[in-house]
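The values are calculated or read from the model by the stated rules, or taken from the named source; none is laboratory data. Because the structure is predicted, anything quoted here is derived from the model rather than measured. FYI the Cβ positions are ideal-geometry reconstructions off the backbone, even for glycines, and counts take in every protein chain you see. SASA here: full protein model, heavy atoms, side chains in, ligands and nucleic acids out. Shrake-Rupley method; radii C 1.70, N 1.55, O 1.52, S 1.80 Å.
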Amino acid sequence: MMLKCEEVSRLASESLDRKLGRGEWLKMRLHLMICDGCNRFTRQMSMLRQVSKAYARQPDDIGDDRDS
């Protein structure tokens, strides 16, 4: 049975925090092969995660020239 977009978005979100089971991963990948919207959504979530991690690693004083 093919997953619905709602289920895929939930799995994509969960995959950021845990490893999906083989069945979950396969069903999600099959859906992403045919659904441009979900494919775009998962790529955007991944990019946001990477940007958030990079931002969190930055020292607090970079770009903060309010005290100057």
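Mind checking the per residue accessible area of the chain for me, 1.4 Å probe, whole number of Å²?
Each residue of the chain exposes 87 Å² on average to a 1.4 Å probe.
Work out, step by step, the length gained on full extension between residue 54 and residue 34: first 0.36 nm times the residue separation, then minus their alpha carbon distance; give nm to one decimal.
That pair, residue 54 and residue 34, stretches by 4.1 nm at full extension.
If the cut-off is a Cα-Cα distance under 19 Å, which lysines reach residue 4, setting aside same-chain residues fewer than 8 apart in sequence?
Qualifying lysines at Cα under 19 Å: 27.
What value, in deg cm²/dmol to 500, does the helix sum -39500 (n - 2.57) over DSSP H runs of n ≥ 4 give at 222 nm once divided by the residues of the chain?
Dividing the helical sum by the residues of the chain leaves -22000 deg cm²/dmol.
Determine the sum of side-chain charges near residue 21: Lys and Arg each +1, Asp and Glu each -1, restricted to other residues whose C-beta is under 13 angstrom from that of residue 21.
+3
With P(r) over Cα pairs in 10 Å bins from 0, in percent defined as stated, name the option among (1) 22, 35, 22, 14, 6, 0; (2) 18, 40, 19, 12, 8, 2, 0; (3) 15, 40, 29, 12, 4, 0 computed from the structure displayed.
(2)
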